[in-house]
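Some notes on the structure that comes next.
A short reminder: the numbers here are calculations on the coordinates, not readings from a lab. What you see is a predicted model, and the numbers here were worked out from it, not measured in a lab. Every residue, glycine among them, receives a Cβ derived from its backbone with ideal geometry; neighbour counts consider all protein chains shown.
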Amino acid sequence: MSLRLYRLMNTFLIITGIILIFELIRDSFKEGDFIGYVNAGNAIFKGTNIYADYLNTWPPFFSIFSTILAYGDSISPYGIRFLWLSGTIVTLFYICKIIIQLSTNLELNLLNKNKLKIQEPLVVLPVLIMLRFIMDNMANVQINVYLLLCSVLTIKYYLDNKFKWAGLFLGLIISLKVYPVIFLLFFIYKREYETVAWTFAFILFFNVIPFLFFGTEIALEQYNFWFEKVDKVLVFPTHKNQSLYGFLTRLLSTEPTESISINIAELSAQTVKKINYVIISVIAIVPAILFRFKIKDKKAMKPILEFAFIFAAIPVISPLAWKAYFIFLWLPYFVIYLILFRLAYNISSKKIKTLKVIFYISILLTVFSTEAFSGKNFSDILETLGAITLGTILVLTLLVIFYLDYEKINIKSLELQTKPNK
């Protein structure tokens, strides 16, 4: 690394650090989505209906989990949010560390000078790409960063053949927010039965807790009400929903978007939902064929490409995907940057340039569509047009191309220097 580049990366790190500290202090005074977590926990303490609060769209187990947050809020509302957001920043470091280790077998260590330096572009640039989504999660005092950590831990323990731990983390996050269930479907499809068995065991364990706590009759009522409530919430066509379903609803129905109208048809929401499932099913044929074989070499780049695809697919195919959900693009964007800019990729220079252009367009759509760059009104318009959705579809496209070119990618070609050159 040249001294000039080293200093530039240091500058980016300092600016990013200042931004995160500013967000930490400012957002500690915001209720954000965190108030929904607190209300869900307080309903348990008060013995009231956990779904009386319209903000609670989570499974019954989430309310029991939230009692910890509600108790902290009763002591100090600002203090518990400060701790939550501080934990988010610490979690970001470990997400970065684990993703780098899984993808390159390099170790990020702040104290050991002989390990991967935090100033390395391999560390800094993916963080800068994801900064928009990091700030979305902090500004809304969200849980998604913690869910991402549990997701990468699931992958880490699976690749290390520690299936019990993989099942624990995956069972936990499915019981809390459901949408990571795509990982479970992936493991079932890959015939990874030990991981599947442990995941089901922990899902059962976590979801038995509401039955023990509330009693069978009340717990069943809560789960039935939750299923009905979730089904109603799925029809959420405003620009804030960046899932494929949200985009198609804006495009094919007259549902309100809270921004400009882009509909080219007047279909019902239920019809759009069916079209959405058909499109996803058709598109899924390609990865289903490519990923049909069991993973043999868990230390190779191939399984990382498969998991990167799943991470990117999660927010797109989920019926309801807030912008903060796209923090799951961290692993996909890291892998794409790694392959296009840091590894020997034995293809024509013309194809490399084309793939880089697709990468840049994806970043323009997902990152630069934010209010900070485009202003609130134009940002809302871009999101109504599905900017983040389309940008993520480009990410999925790149990952499929890399998977087809797998034998042309040389992971051993990655070279790093622990000290800057003068």
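In table form, for the structure just shown:
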item	result
Size of charge dipole - the range 118-190 - debye, nearest 20, with Cβ of Lys, Arg +1 and Asp, Glu -1, no other charges	240 debye
Residue-by-residue Karplus 3J(HN,Hα) for the range 348-357, coefficients 6.51, -1.76, 1.60, Hz, glycine and proline x	5, 4, 5, 5, 4, 4, 5, 5, 5, 4
Separation of alpha-carbon centers, the range 1-77 and the range 261-300, rounded to whole Å	31 Å
In degrees, nearest ten, helix 77-104 long axis to first principal axis of the chain (Cα)	40 degrees
Cα-based shape type of the range 207-292, given that a ≥ b ≥ c are square roots of the gyration tensor eigenvalues and the cut on a/c is 1.5	oblate
Distance between modelled label sites at N49 and L3, nm, 7 Å Cα→Cβ extension	7.0 nm
Neighbour cut-off at most 16 other Cβ (10 Å), DSSP loop, GluC sites (Glu not before Pro), the range 253-314	E258, E266
Sum of -39500 (n - 2.57) over DSSP H runs of 4+, divided by residues of the chain (222 nm, nearest 500)	-22000 deg cm²/dmol
Prolate/oblate/rounded label for the chain (Cα gyration tensor, a/c 1.5)	rounded
Dipole of the chain [Lys/Arg +1, Asp/Glu -1 at C-beta], most positive-end residue of T389, T48, P332	P332
C-alpha long axis of helix 269-283 to longest principal axis of the chain, angle in °	30 degrees
Listed peptides 358-367, 47-56 by packing density, highest first (mean Cβ within 10 Å)	358-367, 47-56
Under 22 Å from the Cα of K408 - lysines, other chains or at least 8 residues apart	K294, K296, K298, K299, K302, K350, K351, K353, K356
Cα-based reach from K240 at 24 Å (exclusive), listing lysines while leaving out same-chain residues under 8 positions away	K30, K177, K229, K232, K273, K274, K323, K376
Qualifying chymotrypsin sites (Phe, Trp or Tyr not before Pro) for the range 202-298 [loop in DSSP, other Cβ within 10 Å: at most 13]	F293
Principal-axis tilt of helix 301-317 within the chain, Cα atoms, nearest 10 degrees	40 degrees
